Each structure stands twice: as C-alpha cells, then as structure tokens.
Amino acid sequence: MSVSLLPPTEETTSKQQAEKPQPISAPARKRSKTAFFGVALLLIILLIAGILPRLKRHNELAAMTHEQEQSLPVVTVAGPRKAEATNELILPATTQAIQETMIYARHGGYVRRWLAGMGQDVRAGQLLAEISAPESDQQLGAARQEAVEAEQTVTQTRSELGQVQASLEQAEASLKQARTNLELARVNLERSKTLVAQGVVSQQDTDDKQALYDARQADLEAAQANIRARQAAVKAQQSAIDSKAAGFKARQANVQRLEEIHSFQRVVAPYDGTITARNVEVGVLISATGATPTGTGLFRLAKMDIIRVFINVPQTYVTAMEKGLPAEVQVKELPQKVFTGNVIGTSHYIDPATRTLMVEVRVPNPTRQLLPGMYAQVKFALPSVQDAVIIPATALVANAEGTQVLTLRPDQTVHVQKIEVGRDYGKEIEVIAGLQGDESIITNPSDALHEGTRVQVSKTK
C-alpha cells in the first residue's frame, strides 16, 4: 500500500468540498418539523374520529347487556338428595320411675321412731315409721271396754230369754192340762145328765157336774191367757236381744274403726322400692293431714326396676309413634351405654302451644343405672317413604294453590312444581311425591318468580 505524500491540489480540494454534505439552514429545519407535527396531529385526529364512536357503541352495548343481566332475578339452586331407607329421629327426654309416691301419714301425732333412710330398699308392707298418739290410744281402750259391756248385756238378755221361754213351756203344759180337765168335766156332765133322765141320780149331781165343767172352762181360758202373756214376754225378750246385739255390733264397729285409725300410726311401704327422701326426725309433729311441719310427706318412695321415658314428639312424626316402636335411650353420663325400650303409649293429644305429642317409652332398668329425673336423648329409627327425596326447607312454597317448589329449566326459566311433603327435619324437608330427584331446586324463591320467569343463577358459593 502506497501513501501519497504530495500536497493536495486545488482540484482535489474542490472535489472534497463538493462531496461533503451541506448544512441545512434554520428556517428549513423549522418548516420540516412543523410539517411532521401537522401530519402526526392529522393522523391522531383521524384516529380519534374513527375509534371514539366505535368505543361508545361498544360501551353502550356492554352497558345494555349488563343492565339486562342485572334486571334478571338471581337465584340459588340445589339438587334434591335421596332420602335414607330409615331416618334417625333424636329427641330430648326426661326419665321417671315406673312408680313414685310421696308417703304421708294417715294419723296425726309425734314421730316415735323412723326405720328407713334415704337410699334404702324396702319391701311392700315394711314399717317405715311409728307415730305416737295417746288420745287415739285412749279412745280405742274406751271403745273396747264399751264393746265388752255390750257383749255382756247381750249374754244376760239371752239368759233372761231362756227363763221366759221356760215359763212359756210351763204355761203350755198348764194349758194342756186345763184342756184335759175340761174334757173330763164335759164327759162327766154328759153322763150325769143321762143318769138324771133315767132317774138314777139326783139333779143335784148334775148341777155339781155343771159347776165343775164351768170351773174347768175358766181354767182353760186362764191357761190360754197365760200362754199369750208368756209368748209376748218371749217376743219382747227377743226384741231386747236384737237391740242389745245391734248395740254390741255398733260397739264392735267402733272398735274396728278405731283400730284401723290406730293402725295408721304405723307408716308402711305401699310397694317394693327405694326410699329417695326422708323428711322426718324423732319427735316431729305430724299434722292431722299427715304432713310434716313443712307440708311435705314423710318419705318419697320410687320403684326403679323399670324407667318411664317421656318425649315431646313434633307433630310431623305423630303417625310414626305406634305402640311397640323400638327406641334407644342414652344419657351423656353413660356415653357407651345404650338402653333399649319400646313405645308403650301416647297422650293422644297435641299440645297446641308446642305442637307436640307426649310419648312414653318404657326401659327395663334391672341394674338401676338410669335414675329418675335424668335428661336423656331418645333415638327412633323411622322408615322412609319409598322414592322420597330431601330438599332445603327454604325451597318450600306454601300458598293457596298448595305446597310447591320452584325448579330451574335448562333454558334458565322457572317451573312451578306441586309436591307432597313428608317429615320436617328443621333445615330440610322430606318430599314424598312430586319430584324425581334430578331437578334443580331454587332454594330462595320469592313472590317475583312465576311459571316461565327467566332468572340467572348466582355464581357465588
């Protein structure tokens, strides 16, 4: 490579200057910028003029669409579920003893002694307490003495009756003798009259026989009068005996009455059971009504080998409460223990205040683990209706046309479906007719929803 060291010529210098770009003058540069900004501004104006109407129309269309969507009722839907073959109904309950009695005394007085305390098992007829009542004892003693005296009077009157009857027997014998004597006097008189007619005896003999006959007639009449008197005496004595015997019976009845009252001084157990309360002490005064000074009974007795369980069953389940229905009873104090029993009966009356039926379940309690007064829970296994489904309780519509639900069609319109409800589970309702089980149930029906109403489904969960 060769390098020229010759100095540049004038021609060379002119050529180089011609090849260099010539600088633009200031006015030219200003005109160029103005033109550029003008073109850009024109393009922006044209762009805005074309886009803004289109954006406006798009926004208006979006607003109209949103407004239409917002004007549609918003609903929530849920599908029904198949009801279980059996439903468990669990209800609160209260336990009671099969028998429970507050024992009052039947006699007033002071407690002499008590023989049974709280928690003690007793047998029927067992002595629980004795009451002292001196006045009652005195009355019984006096009545017994009166009865003895009345009995003695009856005995004496019967003895006197024997004497009167003996006198009657003597009078009857005398009457018989008088009749015999009268007959003999009559025969002698007739014979004498015959002999007088034959002239064998004198008239005086006939007169004597007539006088004797008249005397015997008088004796007979006297004997008959004596008989009547003796019979009257016997009758009077028998009446006296009856009267005395009636008095004796009255005295005996009074003695029995007072003995019965006296027996009430012994307070006994009416049946086998357990003493659950003792409210007396020795020396406590028992009123004439048989109560303690506080107005309570002396003892409370309970029979607990069988426990009665009372449950208030809602009206919905009344028809299922049949006699013999099995039940399971549990108390929280014995969480692992299940007591089984059966429905023994119902009150056959719906409480209008609570709309519940009183149901009694009886549970064998040989170990006495269940105690009277416990809070318990009772579980019933109730059979479900075939093809029944369960829906939310909020979906139910009840009006003049009956019981209905609103279902959602695929085209997002409402269909009114009549149904027949079964049991009410609180937050859920059993439907026994009207639904197939594959419907979409509107769970928030309102008065604005009718057959064919278009709705939108809420997207919130």
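Read-outs throughout are calculated quantities, based only on the coordinates presented, and are distinct from any laboratory measurement. Given the structure is predicted, the values throughout are model-derived calculations rather than measurements. We place every Cβ from the backbone using ideal geometry, glycine too, and count neighbours over all the protein chains shown.
Miscellaneous remarks
- Rh by Kirkwood over Cα pairs, then Stokes-Einstein D for the chain at 0.890 mPa s and 25 °C, µm²/s: 66 µm²/s
- P(r), alpha carbons of the range 303-383 - 10 Å bins starting at zero, rounded %: 18, 51, 27, 4
- Charge dipole of the range 162-233 (Cα centre as origin; +1 on each Lys and Arg Cβ, -1 on each Asp and Glu Cβ, all else neutral): 160 debye, rounded to the nearest 20.
- Backbone geometry of the range 354-359 corresponds, through the Karplus equation with coefficients 6.51, -1.76 and 1.60 at θ = phi - 60°, to 3J(HN,Hα) couplings of 10, 6, 10, 10, 7, 10 Hz, x marking Gly and Pro.
- M102-D411 pseudo-label distance in nm [points 7 Å out on the Cα-to-Cβ vector]: 7.4 nm
- Between F299, F37, T354, the Cα set farthest toward the positive side of the dipole of the chain (charges on each charged residue's Cβ, about the Cα centre) is that of F37.
- In order along the range 253-260, the phi-based Karplus estimate (6.51 cos²θ - 1.76 cosθ + 1.60, θ = phi - 60°) of 3J(HN,Hα) comes to 4, 5, 4, 4, 4, 5, 5, 5 Hz; Gly and Pro are listed as x.
- Interchain or long-range residues, amide H under 5 Å from L298's placed H: I103, Y104, A105
- Qualifying GluC sites (Glu not before Pro) in the range 236-311, where qualification requires a DSSP coil assignment and no more than 12 other C-beta atoms within 10 Å, comprise E281.
- Restraint check, K337/K379; K82/K427; K82/K323, Cα-Cα greater than 19 Å: K82/K323
- With Cα atoms as the point set, the range 248-389 shows a radius of gyration and Dmax of 22.9, 83 Å.
- Electrostatic tally near Q377: other residues with Cβ closer than 15 Å to its Cβ, Lys and Arg +1, Asp and Glu -1, net 0.
- Net charge, G437 excluded, C-beta distance under 10 Å - Lys, Arg +1, Asp, Glu -1: -1
- Unit charges at the beta carbon, dipole of the chain: most positive-side option, Q412, T443, A433: Q412
- Across the range 135-263, Cα-Cα distances exceeding 26 Å account for 55% of all pairs.
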